[in-house]
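Chemist: Structure in structure tokens, see below.
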Amino acid sequence: MTMQDKQTWSGRFNEPVAELVKRYTASVEFDQRLALFDIQGSLAHAQMLAACNIISEQDLNDIRRGMAQIENEIIAGEFEWSLDLEDVHLNIEKRLTTLVGDAGKRLHTGRSRNDQVATDVRLYLRNAIDEIILLTHALQAALVELAAQHTHTIMPGFTHLQVAQPVSFAHHLMAYLEMFKRDAERLADCRKRVNRLPLGAAALAGTSYPIKREYVAELLSFDAVCENSLDAVSDRDFAIEFTAAAALIMTHLSRLSEELILWMSPRFSFIDIADRFCTGSSIMPQKKNPDVPELVRGKTGRVNGHLVSLLTLMKGQPLAYNKDNQEDKEPLFDTVDTLIQTLRIYADMMGGITVRPEAMRVAALQGYATATDLADYLVKKGLPFRDAHEAVALAVRFAEQRNCDLADLKLDELQKFSSLITDDIYSVLTLEGSLAARNHTGGTSPQQVEAAIARARQHLAGKSAA
Ligand code: ARG
């Protein structure tokens with residue numbers, strides 16, 4: 001980073017800006033990452049200026065030549081960023097002028113950094129969203145493939161973390177599939193509002209040059225232009241919306257992480273996570289810690305924090321652009337980075353899970369998971385549900401005293417709680433019977449879960465073909 005250049009806007013100032021202030025107000029150290037989008041936006045703007053005869057074809061060619069060189073310098077890591085030039089926009093513009101002279105100075109005609117930066121952030125975010133949507137599909141595919149192997153693997157389903165009713169492991173995994181499917185939908189919806197063009201709003205009121213904003217929108221593949229210039233330069237709701245969608249994805253991943261951590265603990269032993277996603281302890285030789293899911297749970301706090309940062313950044317700002325908005329970048333960039341890294345590692349980790357069906361089964365057999373099935377059985381034989389509930393509660397208490405399962409009770413013992421019970425009860429009290437009985441859309445029967453898996457595979461195949 002060099003410090004020798006004088007400020008682009010310094011003409012009206014009597015003294016140079018204080019060194020501390022320069023450092024405080026500059027954004028180039030972090031907004032550099034917008035560089036290629038900044039060039040992309042500038043090239044479209046210049047092409048429109050030439051098409052509208054605001055600059056000459058010669059100027060356009062010079063701008064293109066200069067920008068091509070700048071792009072190469074940036075990609076090669078040879079571009080010299082200057083703190084004195086404040087941000088990515090002024091750095092690139094200054095270099096362009098050094099390379100091609102007056103054409104470089106004409107680039108900013110009919111434009112301001114305010115609409116320029118809003119455009120850059122939208123281009124950046126659109127690109128990030130496309131990548132993230134693909135990653136959510138990869139994660140969904142990993143979940144579906146694991147689920148497909150476990151439609152008959154029975155585990156206890158929990159409410160209040162107490163054994164509630166048996167479910168298949170596949171059904172449990174497919175619950176997360178639904179969450180990630182909605183997450184992908186949310187991102188695709190958010191993209192529509194990200195994908196509108198602020199350029200042409202200039203500083204805040206529009207510009208007196210005869211520009212064609214729709215043409216720029218077309219060149220940059222935006223769906224439309226932002227329809228109010230004040231709004232175009234000032235609001236960052238699109239970034240907030242994205243960060244909210246990201247926070248939800250992280251929240252879903254955090255819940256799944258919490259389950260993986262529990263399931264891997266020796267108390268559960270439902271699963272094992274491949275060694276490459278775990279670490280050991282420096283003091284306890286026996287330890288294998290689920291660091292990745294724990295970190296995902298931890299990083300969720302970080303992304304949730306970024307959401308609150310951005311909301312707070314926006315809440316007190318009068319129209320139109322204020323420098324506050326420069327603070328949108330770090331939370332947004334970190335949200336994108338965290339989410340991309342997390343999704344990548346997660347899809348891989350789900351593929352490396354070892355399932356222990358025996359341990360799940362043993363756990364499902366504890367805790368009277370089929371008690372509801374017994375109540376439903378009595379209801380089907382004519383007993384009102386509340387009475388059935390009471391009869392089963394008493395039967396559970398009895399079995400508990402004997403330290404056995406409901407299915408271990410003899411027929412005459414069960415009949416003490418209701419004379420409606422006959423020997424067909426034993427098939428109802430099995431885990432398999434309990435699952436098979438829940439045979440409607442959304443239920444845990446293997447047939448339904450297999451259908452859900454087939455739908456998910458079809459949905460994902462459609463996405464990768466698109
Ligand atoms: N670096 C600034 C930002 O990120 C660019 C816009 C500055 N505009 C201005 N008038 N100071 O928001």
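Chemist: Using a 7 Å offset from the Cα along the Cα-to-Cβ direction at both N322 and L262, what is the distance between the two label points in nm, to one decimal?
Modeler: So the two model labels end up 4.4 nm from each other.
Chemist: Roughly speaking, what is the stretch gain from Q58 to S221, that is 0.36 nm per residue apart minus the C-alpha to C-alpha distance, in nm to one decimal?
Modeler: Working: separation 163, 0.36 × 163 = 58.68 nm, distance 2.51 nm.
Answer, rounded to one decimal: 56.2 nm.
Chemist: Apply the Karplus curve 6.51 cos²θ - 1.76 cosθ + 1.60, θ = phi - 60°, to the phi angles in segment 314-327 and return the couplings in whole Hz, x for Gly and Pro.
Modeler: 7, 5, x, 7, x, 5, 10, 5, 10, 4, 3, 4, 4, 6
Chemist: Here is a follow-up. Determine the dipole magnitude for segment 302-385: charges of +1 sit on the beta-carbon of Lys and Arg, -1 on that of Asp and Glu, nothing else is charged, the reference point is the Cα centre, and the result goes in debye to the nearest 20. Show your work: numbers first, answer last.
Modeler: On the way: 9 positive and 10 negative charges, 74 e Å.
With only Lys, Arg, Asp and Glu charged at Cβ, the dipole is about 360 debye.
Chemist: Additional query: Just how far, in whole angstrom, is segment 131-198 from segment 49-94 if you go by their alpha carbon centroids?
Modeler: 44 Å
Chemist: For L460, L319, give me the order by solvent-accessible area with a 1.4 Å probe, most accessible first, ignoring ligands, DNA and RNA. The partial results should precede the final answer.
Modeler: Numbers: L460 25, L319 130 Å².
From most accessible down to least: L319, L460.
Chemist: Among I132, S56, L96, flag the residue with its Cα farthest along the positive direction of the charge dipole of segment 56-141, charges on Cβ as +1 for Lys/Arg and -1 for Asp/Glu.
Modeler: Towards the positive end, the residue furthest out is S56.
Chemist: Is it possible to state the helix-based mean residue ellipticity at 222 nm for the chain, with each DSSP H run of 4+ residues giving -39500 (n - 2.57), the sum divided by total residues, to the nearest 500 deg cm²/dmol? What is it? The partial results should precede the final answer.
Modeler: Details: 20 runs with 290 residues, N = 466.
The helix-only estimate for the chain comes to -20000 deg cm²/dmol at 222 nm.
Chemist: Here is a follow-up. Give the shape of segment 367-431 as rounded, prolate or oblate, defined through the alpha-carbon gyration tensor: a ≥ b ≥ c are the square roots of its eigenvalues, a/c under 1.5 means rounded, and otherwise the shape is prolate if a/b is larger than b/c and oblate if not. Walk me through the intermediate numbers first.
Modeler: On the way: a/c = 1.43, a/b = 1.34, b/c = 1.07.
Taking the square roots of the gyration eigenvalues as a ≥ b ≥ c, segment 367-431 is rounded.
Chemist: Now for a different question. Using only protein heavy atoms and a 1.4 Å probe, report how much of H459 is accessible, in Å² to the nearest 10.
Modeler: The accessible area of H459 comes to roughly 70 Å².
Chemist: To continue, here is another question. Which lysines have a Cα lying under 18 Å from the Cα of K463, excluding residues fewer than 8 positions away in the same chain?
Modeler: Reachable lysines: K181, K192.
Chemist: When only alpha-carbon atoms are used, what values of Rg and Dmax, in angstrom, describe segment 409-466?
Modeler: Every Cα atom of segment 409-466 included, Rg and Dmax give 18.8, 62 Å.
Chemist: While we're on this one: Ranked by accessible surface with a 1.4 Å probe, highest first, in what order do F13, F398 come? Walk me through the intermediate numbers first.
Modeler: Working: F13 110, F398 35 Å².
From most exposed to least exposed: F13, F398.
Chemist: Continuing with this model, one more query. Along the positive direction of the dipole of segment 270-375 (beta-carbon charges: Lys, Arg +1; Asp, Glu -1; about the Cα centre), which of L311, L339, N289 reaches farthest?
Modeler: So the residue we want is N289.
Chemist: Could you tell me the largest-minus-smallest coordinate of the C-alpha atoms of segment 333-466 on each of the three principal axes, in descending order and whole angstroms?
Modeler: Taking the Cα atoms of segment 333-466, the three principal extents are 64, 30, 26 Å.
Chemist: Of A375, Q47, A456, which is farthest along the charge dipole of the chain in the positive direction, counting Lys and Arg as +1 and Asp and Glu as -1 at C-beta?
Modeler: So the residue furthest toward the plus end is A375.
Chemist: With the Cα gyration tensor of the chain giving a ≥ b ≥ c as the square roots of its eigenvalues, does the rule (a/c under 1.5 for rounded; else a/b larger than b/c for prolate; else oblate) give rounded, prolate or oblate? Walk me through the numbers on the way to the answer.
Modeler: Working: a/c = 3.25, a/b = 2.70, b/c = 1.20.
It is prolate, given that a/c is not under 1.5 and a/b is the larger ratio.
Chemist: Short version: ³J(HN,Hα) in whole Hz for each residue of segment 17-22, in order, from phi by Karplus 6.51 cos²θ - 1.76 cosθ + 1.60 (θ = phi - 60°), x for Gly and Pro, what are they?
Modeler: 5, 4, 4, 5, 5, 4
Chemist: I would also like to ask the following. Express the accessible area of the chain per residue in Å², computed with a 1.4 Å probe while the remaining protein chains stay in the model. Show your work: numbers first, answer last.
Modeler: On the way: 22340 Å² over 466 residues.
Value for the chain: 48 Å² per residue.
Chemist: Sticking with this structure for a sec: Step through the residues of segment 29-35 one at a time and calculate ³J(HN,Hα) from phi using the Karplus curve (6.51 cos²θ - 1.76 cosθ + 1.60, θ = phi - 60°), rounding each to whole Hz and writing x for Gly and Pro.
Modeler: Whole-Hz 3J(HN,Hα) from phi for segment 29-35: 5, 10, 7, 3, 5, 8, 3.
Chemist: How fast does segment 135-293 diffuse by Stokes-Einstein, in µm²/s, taking the Kirkwood radius from C-alpha pairs at 4 °C and 1.567 mPa s?
Modeler: Values: Rh = 19.6 Å.
It diffuses with D of about 66 µm²/s by this estimate.
Chemist: Kindly identify segment 183-223 as rounded, prolate or oblate by the Cα gyration tensor criterion: order the square roots of the eigenvalues as a ≥ b ≥ c, call it rounded if a/c is under 1.5, otherwise compare a/b with b/c, prolate if a/b is larger, else oblate. Intermediate values should be presented prior to the final figure.
Modeler: Numbers: a/c = 5.81, a/b = 2.28, b/c = 2.55.
Oblate, since a/c reaches 1.5 and b/c is not below a/b.
Chemist: Among the DSSP beta bridges whose two residues both lie in the chain, what percent are antiparallel, rounded to the nearest 5?
Modeler: Details: 10 of 13 bridges.
Approximately 75 percent, going by the DSSP bridge assignments.
Chemist: How large a share of the accessible area of the chain, in percent, is made up of carbon and sulfur atoms when the probe is 1.4 Å and the other protein chains stay in place?
Modeler: On the way: 11610 of 22340 Å².
The nonpolar share, carbon plus sulfur, comes to 52 percent.
Chemist: Taking the DSSP beta bridges in segment 121-239 as the whole, what percent of them are antiparallel, to the nearest 5?
Modeler: Details: 6 of 8 bridges.
If we restrict to bridges inside segment 121-239, about 75 percent are antiparallel.
Chemist: Measuring from the lowest to the highest alpha carbon on each principal axis, how far does segment 58-205 reach, largest first, in angstroms?
Modeler: Projected onto its principal axes, the Cα set of segment 58-205 covers 74, 38, 29 Å.
Chemist: Given +1 on the Cβ of Lys and Arg, -1 on the Cβ of Asp and Glu, and no further charges, what dipole in debye does segment 1-114 carry about its Cα centre, rounded to the nearest 20? Don't jump to the answer; show the numbers that get you there.
Modeler: Numbers: 13 positive and 18 negative charges, 62 e Å.
Roughly 300 debye, rounded to the nearest 20.
Chemist: Once amide H atoms are placed 1.01 Å from N in the peptide plane, what residues at a sequence separation of 5 or more from G157, or on another chain, have their amide H within under 5 Å of its amide H?
Modeler: A164, Q165, V167
Chemist: Over the chain, calculate the relative contact order: mean separation of alpha carbon pairs under 8 Å at least 6 apart, over the residue count, as a percent.
Modeler: Relative contact order here is 16 percent.
Chemist: Would you check the accessible area of E390, probe 1.4 Å, heavy atoms only, in square angstrom rounded to 10?
Modeler: Counting only protein heavy atoms, E390 exposes about 110 Å² to solvent.
Chemist: Taking the highest mean first, how do the peptides 444-456, 268-280 order by number of other beta carbon atoms within 10 angstrom per residue?
Modeler: On the way: 444-456: 18.3, 268-280: 15.9.
Packing order, densest peptide first, comes out as 444-456, 268-280.
Chemist: I would also like to ask the following. How much solvent-accessible surface does S234 expose, in Å² to the nearest 10, with a 1.4 Å probe and all protein chains in place?
Modeler: So the heavy atoms of S234 present about 10 Å² to solvent.
Chemist: Roughly how big is the chain's charge dipole about its Cα centre, with Cβ charges of +1 (Lys, Arg) and -1 (Asp, Glu), in debye to the nearest 20?
Modeler: Charge dipole, the chain, about its Cα centre: 420 debye, nearest 20.
Chemist: Now, a different point. Between segment 234-257 and segment 370-422, what is the separation of their alpha carbon centroids in Å?
Modeler: 46 Å
The values are calculated or read from the model by the stated rules, or taken from the named source; none is laboratory data. Note that the structure is predicted; figures quoted are calculated from it, not measured. Here the Cβ is made from the backbone with ideal geometry for all residues, glycine too, and neighbour counts use every protein chain on show. Surface accessibility is based on the protein's heavy atoms, side chains included, excluding ligands, DNA and RNA. Shrake-Rupley method; radii C 1.70, N 1.55, O 1.52, S 1.80 Å.
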